[in-house]
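Right, one structure below, let's go through it.
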Amino acid sequence: MQLIDALEKRRCVRKFKNKDVSEKEMLDIISCSLNAPCAGGLFSVRTIIVNDNEKKNKIAEACLGQTFIAKAPYLIVVCSDKKQTEKMYGKYANNYIKQQAGAAIQNMFLRITDLKLATCWVGSFDENAIRRILDIPSEMDVEAVLPVGYADEKVEERLKPELNSVLRLNSYKTKPYKIGKKLDT
């Protein structure tokens, strides 16, 4: 699949088939996170793959009762280990860590789509509960939970804003950018 196709086809799915995903595919997905940009070359993202049904159910409850999460064959729990980045960047570290986690998650999303699998970016959860369930140290941040499996629903085309409604040239206070106009004028 071409990158532009993966970007266009990427959707959040909340219903999964009872069909396993191979270990090779899961490792391939995680491997794509390693290509995310990182401040100072310090890769802070850590991932936990969860396939234990009891833990998946507990995580679904910790995600404010989003029970669909437990139906996926696998969960990827994305965390950030901020120690090294904080040593190097001090007060700026948290921004860099969050940016890196987002980039790593997007890379995984695109590979999941490329493999004709499905996921949903779950960011609403009780972080301390997930830490307890998965024995995550308190100095680590839990960034997201990604259920991974085969979609068992037809996902509608998502609405996206018009490009000219979100684009400005040289200043936010300018009028929306008119498509077709040269960038240098």
The stretch 66-124, residues that are in a strand (DSSP E or B) and surrounded by fewer than 20 Cβ atoms within 10 Å (Cβ to Cβ): D81
Residue match in the stretch 129-136 (condition: more than 30 Å from D52 (Cα to Cα) and either out of contact with any Pro (no Cβ under 7 Å at 6 or more places or on another chain) or at pLDDT 80 or above (or both)): no
Selection status of K56, outside any helix (DSSP H, G or I), out of contact with any His (no Cβ under 6 Å at 6 or more places or on another chain) and either of a type outside the set (S, T, N, Q) or surrounded by fewer than 19 Cβ atoms within 10 Å (Cβ to Cβ) (or both): no
Residue that is modelled with the lowest pLDDT, among those in the stretch 1-34 that are closer than 12 Å to L110 by Cα and not in a helix (DSSP H, G or I): R10
The stretch 142-173, subset surrounded by 10 or more Cβ atoms within 10 Å (Cβ to Cβ), farther than 30 Å from R132 by Cβ and hydrophobic (A, V, I, L, M, F, W, C), residue modelled with the highest pLDDT: A151
Complete set of residues in the stretch 125-141 that are in contact (Cβ under 8 Å) with a residue 12 or more places away in the chain and either surrounded by 11 or more Cβ atoms within 10 Å (Cβ to Cβ) or in contact with a Leu (Cβ under 8 Å, 6 or more places away or on another chain) (or both): F125, D126, E127, A129, I130, I133, L134, I136, M140, D141
Verdict on E143 being farther than 22 Å from A36 by Cβ and not hydroxyl-bearing (S, T, Y): no
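Conditions tested, residue by residue: (1) part of a loop (DSSP other than H, G, I, E, B); (2) over 20 Å from the mean Cα position of the chain (by Cα); (3) β-branched (V, I, T).
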site	(1), (2), (3)
A129	no, no, no
I136	yes, no, yes
V145	no, no, yes
K154	yes, yes, no
L159	yes, no, no
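The values are calculated or read from the model by the stated rules, or taken from the named source; none is laboratory data. Everything numeric in this text was worked out from a predicted model, so none of it was measured. Glycine gets a Cβ as well: all are built from the backbone with ideal geometry, and neighbour counts include every protein chain shown.
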